[in-house]
Amino acid sequence: MKKETNTLKTKLRDGYLNTMLGVIARTLCAMSKFDATLQKELEGVPENFILQMKVLPNVASMSVQKNSKGQLDYLGKEPNKGQKANVVIAIKHPELAFLVFSFQENNAQAFARNRTIIEGDLSMAMRMIRCISHLEVYILPKAAAKKALKRYPAISFLEKTRTAAKIYGHLTLDLLPGKTT
Amino acid sequence: MSTPCYEFFCPVKIIAGVKSLEHIPHELANFSAFRPLVITDQGVKNAGLIQHIDDAFNSSDINIVDIFDDVPPDSSTLLVTQIADLYRKLDCDSIIAIGGGSVIDTSKGVNILVSEGGDDVTAYSGVDSLKKPLKPFFVIPTTAGTGSEVTSVAVIADTVKNTKVVFTCSFLLPNVAILDPRMTKTLPPKITAATAMDALTHAIEAFTCMGKNPLSDSYATAAISKISQNIINVMDNPSDEMGRLELAQASTMAGIAFSNSMVGLIHALGHSLGATCHIPHGVCMNIFLPHALDYNLRHGESILGEILLPLAGAEAYANTPSNQRPQAVIDYIHKLKDKLHTRCQLPRSLKETGRVEQAQFAKIVELTVDDAALILNPIEVDREDAMAILKRAW
Ligand SMILES: [Fe+2]
């Protein structure tokens, strides 16, 4: 019989993972509305394309879909009924996911260490990974982003602050009750 | 940077050396397989290599049921279905693939269909779609380069949808790989050189990219030293069977290394150039190898210098101060390319291929940044970086 030790700790961890995936998903959607870099990457992505990121087994998940305007919509944890994600990025265990989302291991390292599985259209997966790296520059503190990325781009503090402000603006709008985007 | 956590897997039985083909009947019997279908191509047939296999089955109680010898260089999922039909019609119970990358990948696809059933192999594409072992599958490589005999990947073109379908699953690994010097002896000089450079690239990327681990490192360094010690000798003495065998073993070792550590920038560029300009994979590797290593080095890659020992030997390594070793590796590879060019006109630059135009660079760049091999390159590569490397490789 499996015994879950330290349940409070694992609950906090799993809650944190869900929050982080949710933040990434909503930020991707928000930035797709104004950020030129993201929009350019998304141009090459087919309409109705779905990206799902998850932590196995069923610990945390998020899905986003490209709409007809070329922007991303947040679908929640799973794609809508009858739909299947075109790219799934899955981390094998919540402890391994925590290494990534607490910036002890970057995405490439997690993949190199066989902790991450990427399924589906790999060239689209590369595009979405670039989008996520791009957003991490803006939403993470510089020290964390430097650990999360192979190369931290040369951007000014002002540029970072401006974009971050736009993201938070869009996020707040998106979260207003009754508004579905 | 060696990873503090890694996976390593290679369950392929390797039979290498003189008269190793003669081991096949016994090995088939070990799998209770008595009705093998041989899958190969016209090149293998015209080089007279089938005769060696026939000879090996003489004085055995197993007969080859049939030989399909028409796999083209760019195989397709339709062909996979066609060969699977033949296998079923003849009631075969095992597959022997004889050839290079295309034959081996096609045979992997055939094995999926004849084991799992169905007519559409694309239904099993993606990662880990197969859940149980397939039919007994033997591979006899005739080019010393791709390493497909020890990889769990198959790439097969879907000519209807005009895409490349990728299959990744450990059940695709052959049960037995046979490296017999007779089978690579007649490989033409240019293909010998190109495939050896592919194998060298596998080993170097396995050693320098992020997925490296202690086990893949040991295969990679051993492969590098075998290739550098034998390649020129084999080019000058094509019928040197032992030299050929060394290259074949090196190719398999490099295959084991990279399939457990993955490749990086050189393959990302090579896949993209190959797809855009239809240049053979080994030629692409030969062109990009030193330039991509140079790019990684200039941006902070730190272990390239260690390759000098297996590549150039102990004396050259000891005589080179440690801070000059990385550059010495790159210089060595440039010189190796020159030597191969002198011997068989293997193109050293994009221009020398005569098949690339600078106007195609933009497309190659787009494909490169979308290539999954970049994930484990030690250095980030964006569009500008990829374009700069293409210009240097011109
Ligand atoms: Fe290769």
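Assorted remarks:
- Cα gyration tensor shape for segment B:33-97, rounded if a/c is under 1.5, else prolate or oblate: oblate
- Antiparallel bridges, percent of DSSP beta bridges restricted to chain B (to nearest 5): 20
- Within a straight-line Cα-Cα reach of under 14 Å, A:Lys54 can be paired with the following aspartates and glutamates, leaving aside sequence neighbours fewer than 8 residues apart in one chain: A:Asp14, A:Glu78, A:Glu95, A:Glu119.
- Centre-to-centre separation between the Cα atoms of segment B:1-56 and those of segment A:1-72: 45 Å.
- Phi angles across segment B:316-332 convert, under the Karplus curve 6.51 cos²θ - 1.76 cosθ + 1.60 with θ = phi - 60°, into 3J(HN,Hα) values of 4, 5, 5, 7, 10, x, 4, 6, 9, 5, x, 5, 4, 4, 5, 4, 4 Hz, Gly and Pro given as x.
- Euclidean distance of C-alpha centroids, segment B:62-116 and segment B:333-385, integer Å: 32
- Leading residue at positive end of dipole, segment A:36-121 (Cβ point charges), from A:Gly82, A:Ala112, A:Ala36: A:Gly82
- Added length on full extension, which subtracts the Cα-Cα distance from 0.36 nm per residue, B:Asp119 to B:Glu380: 89.8 nm
- Rounded to 5, percent antiparallel among DSSP beta bridges of the protein assembly as shown: 45
- P(r) for chain A, from all Cα pairs and a bin width of 10 Å, is 9, 37, 38, 14, 2, 0 %, short bins first.
- Angstrom value of the Kirkwood radius, inverse mean 1/r, which spans all Cα pairs in the protein assembly as shown: 25.3
- Net +/- balance of residues flanking A:Arg151 in space, Cβ distance below 10 Å, scoring K and R +1, D and E -1: -1
- Remark: segment B:291-303, residue by residue, has Karplus-estimated 3J(HN,Hα) of 5, 6, 4, 5, 4, 4, 4, 5, 9, x, 5, 10, 10 Hz, where x stands for each Gly or Pro and the curve is 6.51 cos²θ - 1.76 cosθ + 1.60 at θ = phi - 60°.
- Length-normalised contact order of chain B in % [C-alpha pairs under 8 Å, at least 6 apart]: 15
- Greater than 24 Å apart at Cα, pairs in B:Lys190/B:Lys339; A:Lys77/A:Lys146; B:Lys131/B:Lys164; B:Lys226/B:Lys337; B:Lys13/B:Lys132; A:Lys40/B:Lys363: A:Lys77/A:Lys146
- Debye, to nearest 20: dipole size of segment B:116-159, +1 on Lys, Arg Cβ, -1 on Asp, Glu Cβ: 220
- Expressed to the nearest 5 percent, the antiparallel share of DSSP beta bridges inside chain A is 75 percent.
- Base-10 log of normalised Debye intensity for segment B:287-372 (one unit scatterer per alpha-carbon) at q = 0.15, 0.22 Å⁻¹: -0.70, -1.08
- Taking amide hydrogens as placed 1.01 Å from N in the peptide plane, the amide H of B:Gly99 sits under 5 Å from those of B:Ile140, B:Thr142, each at least 5 positions away in sequence or on another chain.
- Put a plus charge on the Cβ of each Lys and Arg, a minus charge on the Cβ of each Asp and Glu, and nothing anywhere else: the dipole of chain A about its Cα centre is then about 420 debye.
- Neighbours of A:Gly44 by Cβ distance under 9 Å: Lys/Arg scored +1, Asp/Glu scored -1, total -2.
- Inter-centroid distance (Cα atoms) of segment A:75-135 relative to segment B:233-266, Å: 34
- Loop trypsin sites (Lys or Arg not before Pro), segment B:116-198, which have at most 10 other Cβ atoms in a 10 Å radius of their Cβ (DSSP): B:Lys131, B:Lys161
- Peptide A:111-123, shielding by other chains (average Cβ, 10 Å cutoff): 6
- Cα shape, segment B:13-183, gyration tensor, a/c 1.5 rule: prolate
- Residue among B:Ser59, A:Thr7, B:Ile39 farthest towards the positive dipole end of the protein assembly as shown, charges placed on Cβ: A:Thr7
- Mean projected area (nm²) of the alpha-carbon convex hull when segment A:36-110 is viewed from all directions: 5.8
None of the figures in this text is laboratory data; all of them are computed from the coordinates on show. Keep in mind that what you see is a predicted model, and the values were worked out from it rather than measured. We place every Cβ from the backbone using ideal geometry, glycine too, and count neighbours over all the protein chains shown.
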